[in-house]
Each structure stands twice: as C-alpha cells, then as structure tokens.
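Below: one structure, written as structure tokens.
The values are calculated or read from the model by the stated rules, or taken from the named source; none is laboratory data. Predicted model only: the values in this text are computed from it and were never measured. We place every Cβ from the backbone using ideal geometry, glycine too, and count neighbours over all the protein chains shown. Heads up: the accessible areas ignore ligands, DNA and RNA and are worked out on the full protein's heavy atoms, side chains in. Shrake-Rupley method; radii C 1.70, N 1.55, O 1.52, S 1.80 Å.
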Amino acid sequence: MVGTEWVRDAVLYQVYPQSFADGNSDGIGDFAGLTDRLEYLRWLGVNTVWLNPCFASPFGDAGYDVADFLSTAPRYGTAEELAKFTDAARGAGIRVLLDLVAGHTSDRHPWFTRSADDPSDHRYIWADRPAPGYVASPGARPGWYRPNFFDFQPALNFGHARTDPAEPWRLPVDAEGPRANRAALREIMAHWFALGVSGFRVDMASSLVKDDPGFVETGRLWRETRAWLDAEHPDRAILAEWGDPARSVPMGFHGDFFLQFGGPEDGAPLRSLWDNGAGTVHEHWPAEPCFFDAEGRGSMRRFLAEWERTRAETSGRGAAFLPTANHDYSRLATGPRTREQLAAAFAFQLTWPTVPAIYYGDEIGMRYVPGLPDTEGSTLGPRYNRAGCRTPMQWDATPGAGFSTAPATDLYLPLDPSPDRPDVATQRADETSLLHHVRRLIALRRAHPALGPDGPVEVLHSGYPLTYLRSDLLVVVNPRRSPASLPVERELPGRLLDGRGVSMTHSVLRAEGFSWAVFTR
C-alpha cells in the first residue's frame, strides 16, 4: 500500500509486552513470546500491532520512564530479537508500531544525570527557585526541575511558547536545548525504522512545548516532524496519544485515539460508550450510564457529536482510532458487564467509520481484575488502578494460562483468579465464541471497504437498537438486555451477512437483547 494509506486500513491490536507472552519462563512477557504468538495475530486478522514501551527503563512507570531510547529493556530481549519479530510480522502482513515517549525521560537517563550536574545543560527545564510542581535537583546543579508526570520523569525541554523575564528558565522553542531535543526525536525514530518498525504511537503528544495556548508551537513542532517523515520515511506513521483527533491530526499526526481523556469534554465521548464506573475511575468523572450498558440507559449523543466534529477536521488528513480499552483504562469486560454483552460492542467498533484498536485479550472477554497491588506505578487514585487491565494474556486453561511456565509468584501480575476465566484455546475450538465473532467481524470489515473509516454512514436510529447504513450494508446493534424494535419506513438491506438475534420484516426491525447483525442487499 502506497505511503501511509495503510493507517486507514488498519485493524490495530495493542500489546502490553510484559503481559502478552513469556518466551523464557521468567514470568514477564518478551519479544520471543511475541514471535511465538504471531500465528495467532495473523489468524485473528489484525494487520497492525502497537507495543507499549520496550526501551531500557527502571520501570517506575511500566516503561514510560525511559533510560535509553536506543536500547531495549533486557527483560524483553535484545534489539535483534525485536527486529526478528518485526521481520516475521512483516512476512505475516502485520506492521509493528512502538511507543515513543517524546516528552520526558527517566531521571536515570544519562541526559538527565549530566544535566543535573551541569548548569549549562538545557536539555531539561530547570528553575532557579522553587516553583509549583518542580522537584529539587538530585545532582550538583542547584535548582529545581519540572517533571512531566511522576517526579522521576523529568520533562524534556522543548521550550515555552510564552517567555517571561521573571522566569528566565522559560526558554524559547528555538533555544539550543529545545533544538537538540527535536533533533533527538528524529534520531530515535530513524534508529528504529532501520530495524523494521513502521511507526510510533507518541505518548503524551500534547505535552512537549510548555505554556502553549492553543498548542500553536506544539502544532508547529509536529508538523515539522511530519514534513521530515514525508520526505525521508514516507511509508512510516505517527499516531498521537492526545485524545482529540480533531486537533492533533491537523497538526501532522496520521491518527489519534478517542480516549478516556482529551478533547473538549475530557474524554466523555469515549466513556459514554464503554465506561460503567466499575474499573479505572477518576473521582472527578461524573457517574453517568454508558450506551453499552445492559440496562439501556445510555445515549450516543456525546459520542456522535464528537465523531462528527472529528470527521469534519480529519477528513482527507488522517484517522480517528476507536479503542476497546487500553493499558490505562478499563477493559470492556469490567464490573457487571458479561462476555454475552461484548459481541454487540465489537459489532459497533468494527463497523463504525473509525479505525478499530483492540486491546489484547478483549477479543476473548478478559476482564478487568480489581483489587491488585500497585505495580510499576499502576495506581493513580483511590479508584484508578491500571494493574487491573494489565494482567497476563490467557492463552489456555493451564495453571499459567499459557502465558508462562514460571511459578505464579514470579508472574508480572497475578492471573485472573476467576474459575471461568476465558482463554484463546477454548474459544478457538468453539465456533460460537466471542473470539470467532471478533475474527468474523474483522474479516467482514476487510472484505467490505464500505465499513472502513472513509465509507459513508447514515444513522437511522441512535437509540436502542442503534441502527445505521454503511453504503449498501445495514448494521443493527442492541447492547441492552431487553429487546428493542424499530419501524421500517423504507427499503433496507435485508440479507443477513452475520449476526444474532435480529430479524426484519417489511414493517419492523426487531432486535433481541444483546444482539447485533449486518445485512446486505
């Protein structure tokens, strides 16, 4: 596929590497395990894989505290093993994206240890007096540094959009330190491109330039990066962790995700789809029913409004990705939501005009596991523990779930203790399983270009059942427990392609509880 058109054709699968497959039996997932499980990804039908950070790190924040951008973490294996995986994936028709932590490093990165001893080094943001949120210097250099997230993640200095003589540490974006950091971003990307990586998901992409109203200078930085990519690496892509595709795609990204944060409503559009208040929950989020709720009390209004805004701003420029979950946010199977309910959610995600992003294990209905201990910075608040959505992949029904042969005490995180936890092997053997349902939907999407992000959509009913046309295809989704019906007021596609529990006559469309269907003419 020419250039980066493959982004719009993607079915993305997110892999949290330490939890996916353990190839050396030490209890932590690795590149060898990934390579061993490549057949599964090919069989499932995904064509793009995104790996969370796999660079050298002390793992205070699960790898998002990078100590060396050009080396892999020993727990995962060598750069050669990563290259072996990317080569094998390419042979299977799968592109590999890495996670680029662009805005900060670990406080153990050599850049920072040098900067903490050298007052003339401006790779990081150093204040000459205490300032809110700043951290005291750990080295010979006097002063305080600005962190980006945790205190051990000092922010790289990409400059300030607004300088202030009273705060001389606010360097302009074209100062020496910011210029060096922009050059380093390109060096890092080019290094991994040479090892077969097809692109990056950029962590905290909006965080680089500080005090930047409207993200004017941040946008200039990313547009310059995109121009470099187009000129030097025209088939490679960058996706943003911004949570606002309508803003980030015009700034140069090939795509961005609807997320549990970001955008004009701080992530409410995505939460209005999936969030049932039982997994990772920030205290300031209002308790509101989601659309994919068994009681059928939710609304598509917020999501549809934000999707319309996004499509208007991204059309012809890039893609909006719709995730089932991610490493920071509750799985689909959270709290009271059962696997029976998930088929309808996937029917929507894989037929709506966005790019689908499946979080590892969601395709078999792995659940968010509550009550886990804080692990590598997983806990962000009283009700926000990310460990629950990072548990080991469940490959089979053996004691180690096929993830690892290491003792249970050595596993990165505990396995889901539920006696009926789902697994890949059992579901691959069952044609009626959620896994086969997801696989069929992926195949259906790839067989019908009209289901892609650029195809037209006409929403016939935004309540229950959610009903919409994708060119000559009719999609019906009823995620609630009780049946729903809709008058048929025009001729609609009526030949069933796939689905369960939906029937149609010349006058009425009926959908049983937790049902879905795709019809054609």
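Based on the mean of other beta carbon atoms within 10 Å per residue, what is the order of 45-52, 303-310, 140-147, most packed first? Let's see the in-between values first.
Numbers: 45-52: 22.9, 303-310: 18.4, 140-147: 16.6.
Those peptides, ordered most packed to least, come out 45-52, 303-310, 140-147.
So how long is each side of the stretch 105-175 along the principal axes, counting just the alpha-carbon atoms, biggest first, in Å?
Per principal axis, max minus min of the Cα coordinates gives 29, 24, 23 Å.
Please state, to two decimals, what the Cα-based radius of gyration of the stretch 1-49 comes to when divided by 2.2 N^0.38 Å (N = residues). Before the final figure, lay out each step's value.
Working: Rg = 13.0 Å, N = 49, 2.2 N^0.38 = 9.7 Å.
Normalised Rg, Cα atoms only: 1.34.
Summing Lys, Arg as +1 and Asp, Glu as -1, what charge do residues with Cβ under 12 Å from the Cβ of P483 carry, P483 excluded?
Working: positive: R480, R481, R510; negative: E512.
Here the count lands on +2.
Show the residues, 5+ positions off or on another chain, whose built amide H is closer than 5 Å to the amide H of F55.
A73
Among W228, F112, T310, which residue has its Cα furthest toward the positive end of the charge dipole of the chain, with +1 on Lys/Arg Cβ and -1 on Asp/Glu Cβ?
T310
For L100, what residues show an amide H to amide H distance below 5 Å, using hydrogens built from the backbone and excluding near sequence neighbours?
R201, V202, D203
With +1 assigned to the C-beta of every Lys and Arg and -1 to the C-beta of every Asp and Glu, and no other charges, what is the dipole magnitude of the stretch 128-177 about the Cα centre in debye, to the nearest 20? Don't skip to the end; give the middle numbers.
Details: 5 positive and 6 negative charges, 21 e Å.
Once rounded to the nearest 20, the dipole reads 100 debye.
Under a Cβ-only charge scheme (Lys and Arg +1, Asp and Glu -1), can you give me the dipole magnitude of the stretch 85-220 about the Cα centre, in debye to the nearest 20?
Values: 16 positive and 17 negative charges, 63 e Å.
Charge dipole of the stretch 85-220: 300 debye, to the nearest 20.
I want the local charge near T520. Using Cβ-Cβ distances under 12 Å, sum +1 for each Lys or Arg and -1 for each Asp or Glu among the other residues. Please list the in-between numbers first.
Details: positive: R470, R495, R521; negative: D472, D498.
Once positives and negatives cancel, what remains is +1.
Using alpha carbon centroids, what distance separates the stretch 1-42 and the stretch 199-245, in Å?
Taking the Cα centre of the stretch 199-245 as reference, the centre of the stretch 1-42 is 24 Å away.
Using the Cα centre of the stretch 15-146 as origin and beta-carbon charges of +1 (Lys, Arg) and -1 (Asp, Glu), tell me which of L97, A56, V66 is placed farthest towards the positive end of the dipole.
Checked the options; the winner is L97.
Rounded to whole Hz and in sequence order, give me ³J(HN,Hα) for the stretch 414-422 from the Karplus expression 6.51 cos²θ - 1.76 cosθ + 1.60, θ = phi - 60°, writing x for Gly and Pro.
For the stretch 414-422, the Karplus curve yields x, 6, 4, x, 4, x, 10, 4, x Hz.
Divide by every residue of the chain the summed helix terms, -39500 (n - 2.57) for each DSSP H run of at least 4, and state the resulting mean residue ellipticity at 222 nm, rounded to the nearest 500 deg cm²/dmol.
Details: 12 runs with 122 residues, N = 521.
Per the formula, -7000 deg cm²/dmol.
Give a residue-ordered list of calculated ³J(HN,Hα) values for the stretch 483-491 (Karplus: 6.51 cos²θ - 1.76 cosθ + 1.60, θ = phi - 60°; whole Hz; x for Gly, Pro).
Going residue by residue, I get x, 9, 9, 8, x, 9, 10, 7, 6 Hz, with x marking Gly and Pro.
How large is the dipole of the chain about the Cα centre if only Lys and Arg carry +1 and Asp and Glu carry -1, each at its Cβ, rounded to the nearest 20 debye? Don't skip to the end; give the middle numbers.
Values: 53 positive and 66 negative charges, 255 e Å.
Dipole of the chain, to the nearest 20 debye: 1220 debye.
Tabulate in residue order the Karplus-calculated ³J(HN,Hα) for the stretch 65-72, using 6.51 cos²θ - 1.76 cosθ + 1.60 with θ = phi - 60°, rounded to whole Hz; enter x for Gly and Pro.
Listing the rounded values in order: 10, 7, 9, 6, 6, 9, 10, 8 Hz.
I'd like the accessible area for H122: 1.4 Å probe, protein heavy atoms, all chains in place, Å² to the nearest 10.
Approximately 80 Å² of H122 is accessible to the 1.4 Å probe.
Beyond 33 Å, what share of the Cα-Cα pairs of the chain remains, rounded to the nearest whole percent?
Values: 53890 of 135460 pairs.
Looking at the chain, the distances longer than 33 Å represent 40 percent of pairs.
Which cross-chain or sequence-distant (5 or more) residues have an amide H under 5 Å from the amide H of A319, H modelled 1.01 Å from N in plane?
Placed amide hydrogens put G255, D256 under 5 Å from A319.
Relative to the compact globular guide of 2.2 N^0.38 Å, what is the alpha carbon radius of gyration of the stretch 351-401, as a ratio? Walk me through the numbers on the way to the answer.
Numbers: Rg = 13.7 Å, N = 51, 2.2 N^0.38 = 9.8 Å.
Rg over 2.2 N^0.38 Å, computed on Cα atoms: 1.40.
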